[in-house]
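**Q** I have a structure I would like to understand better, so I am pasting it below and will then ask my questions one at a time.
The values are calculated or read from the model by the stated rules, or taken from the named source; none is laboratory data. Every value quoted in this text rests on a predicted model; they were computed, and no experiment measured them. Cβ sites come from the backbone with ideal geometry, for glycine too, and all protein chains shown count toward neighbours. These accessible areas exclude ligands, DNA and RNA; they are computed on the full protein's heavy atoms, side chains included. Shrake-Rupley method; radii C 1.70, N 1.55, O 1.52, S 1.80 Å.
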Amino acid sequence: SQTIHQWPATLVQPVGSPLSLECTVEGTSNPNLYWYRQAAGRGLQLLFYSVGIGQISSEVPQNLSASRPQDRQFILSSKKLLLSDSGFYLCAWSVFWQGAGELFFGEGSRLTVL
Amino acid sequence: SQQGEEDPQALSIQEGENATMNCSYKTSINNLQWYRQNSGRGLVHLILIRSNEREKHSGRLRVTLDTSKKSSSLLITASRAADTASYFCGINAGGTSYGKLTFGQGTILTVHP
């Protein structure tokens, strides 16, 4: 069966510090991968998606970047965190087939920037 | 952007009652999906409905899609306290969307025992 792992689960970082959130998927090959951010009490905002190794599409200009060094690994990074980067970050995967595909989400990483 | 907008923002009901949540969107879609999120957790997929479908059922869940009105509804029948969660509709636009979904703000459902 397929599983998705995200870590760390919780992170408290000072403004200006770097960030690395990691997501790995097991039990599937060549998935589409996604990073979403959810601000407190708000909906989900798509940040990045990837359809293959090294292929990253950014949805929203921001202080963050993403990389996909391996087929089932997706990393969200920042060189210098801002207060506005605080939020709940969710990684998801899907296999898009015949015009449809559900997303499978990880348990999220809660980031607080102080 | 092709973002779904859920309505109402919050819904409070008693156990055993039905809960109806609505989702509206602006342009053409490939499919629409409903998700549930328990507090502090990831989203869990409930139902996917394609643009050429009008209604789908899964257990106590019923989803309708009206592409002429660009809207969808999620009905939870005979609600339980365990149904308390936030519910989101995800819009998959057509074309080269690569399966990505855009979500609205969600509906917070509270079911009182």
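**Q** Rounded if a/c is under 1.5, else prolate if a/b is larger than b/c, else oblate: which is chain A, with a ≥ b ≥ c the root eigenvalues of its Cα gyration tensor?
**A** It is prolate, given that a/c is not under 1.5 and a/b is the larger ratio.
**Q** Also, quick follow-up: For region B:5-112, which whole percent of the accessible surface, found with a 1.4 angstrom probe, sits on carbon and sulfur atoms?
**A** Ligands and nucleic acids excluded, carbon and sulfur give 46 percent.
**Q** Let me ask something additional. When a/c is below 1.5 the answer is rounded, else prolate if a/b is larger than b/c, else oblate, so apply that to region A:1-47 with a ≥ b ≥ c taken from the square roots of the Cα gyration tensor eigenvalues.
**A** prolate
**Q** Follow-up question, since we're still on this one. Kirkwood Rh, Cα Rg: Rg to Rh for region B:1-94?
**A** With Rg and the Kirkwood Rh in hand, the quotient comes to 0.95.
**Q** When chain B is treated as a GNM, springs tying every alpha-carbon pair under 10 Å, which of B:73, B:86, B:28 comes out with the largest mean-square fluctuation?
**A** Ranking B:73, B:86, B:28 by mean-square fluctuation puts B:28 first.
**Q** Please work out whether region B:24-65 counts as rounded, prolate or oblate from its C-alpha gyration tensor, where a ≥ b ≥ c are the square roots of the eigenvalues and a/c under 1.5 means rounded, while otherwise a/b larger than b/c means prolate and anything else oblate?
**A** oblate
**Q** Tally the DSSP beta bridges in the protein assembly as shown and give the antiparallel ones as a percent, rounded to 5.
**A** Working: 75 of 84 bridges.
Percent antiparallel among DSSP bridges in the protein assembly as shown is about 90.
**Q** Which FRET efficiency, nearest 0.05, do residue B:7 and residue A:83 yield, Cβ-Cβ r, R0 30 Å? Write out the running numbers ahead of the final one.
**A** Details: r = 31 Å, r/R0 = 1.03.
My answer for the efficiency is 0.45.
**Q** All other residues with a Cβ under 12 Å from the Cβ of residue A:87 taken together, and with Lys, Arg as +1 and Asp, Glu as -1, what is their net charge?
**A** Surrounding charge for residue A:87 is +2.
**Q** I'd like the FRET efficiency for residue B:17 and residue B:44, computed as 1/(1 + (r/R0)^6) with the beta carbon distance as r and R0 of 22 Å, rounded to 0.05.
**A** 0.50
**Q** Next question, about the same structure. On the Cα set of the protein assembly as shown, report Rg and Dmax in Å, please.
**A** Every Cα atom of the protein assembly as shown included, Rg and Dmax give 17.5, 50 Å.
**Q** Okay, next question. Using the basic label-point model (7 angstrom from Cα toward the beta carbon), what is the residue A:39 to residue B:66 distance in nanometres?
**A** For residue A:39 paired with residue B:66, the spin-label model returns 3.2 nm.
**Q** Taking residue B:56 as the anchor, which lysines have their alpha carbon closer than 19 Å to its alpha carbon, excluding any fewer than eight residues away along the same chain?
**A** Straight-distance partners of residue B:56: B:69, B:70.
**Q** Moving on to the next point. Given the whole protein assembly as supplied and a 1.4 Å probe, what does the accessible area of residue A:10 come to in Å², nearest 10?
**A** Estimated to the nearest 10 Å², residue A:10 gives 100 Å².
**Q** Which whole-number percent is the relative contact order of region B:5-57 (Cα, under 8 Å, 6+ apart)?
**A** Averaging sequence separation for qualifying contacts and normalising by length gives 26 percent for region B:5-57.
**Q** Next question. Grab the Cα-Cα distance for residue A:12 and residue A:60, subtract it from 0.36 nm times how many residues apart they are, and report the gain in nm with one decimal.
**A** So the extension gain works out to 15.0 nm.
**Q** Which residue, A:61, A:69, A:31, tops the fluctuation ranking in a GNM of chain A built on C-alpha contacts under 10 Å?
**A** Sorting by GNM fluctuation, first place goes to A:61.
**Q** I would also like to ask the following. In region A:22-86, which trypsin sites (Lys or Arg not before Pro) are in a loop and have at most 13 other Cβ atoms within 10 Å, using DSSP for the loop call? Mind dumping the intermediate values first?
**A** Numbers: sites: A:37, A:42, A:72, A:79, A:80; in loops: A:42, A:72, A:79, A:80.
Listed in order of number, the matching sites are A:79, A:80.
**Q** In addition: Can you give me the relative contact order of chain A as a percent, contacts being Cα pairs under 8 Å and 6 or more apart?
**A** 35 percent
**Q** Could you work out the relative contact order of chain B, using alpha carbon pairs under 8 angstrom and six or more residues apart, expressed as a whole percent? Write down the numbers at each step before the final one.
**A** On the way: 290 pairs, mean separation 43.4, N = 113.
It comes to 38 percent, rounded to a whole number.
**Q** Moving to a separate point now. List the aspartates and glutamates whose alpha-carbon lies under 19 Å from that of residue B:100, not counting same-chain residues fewer than 8 positions away?
**A** List returned: A:59, A:71, A:102, A:107, B:5, B:6.
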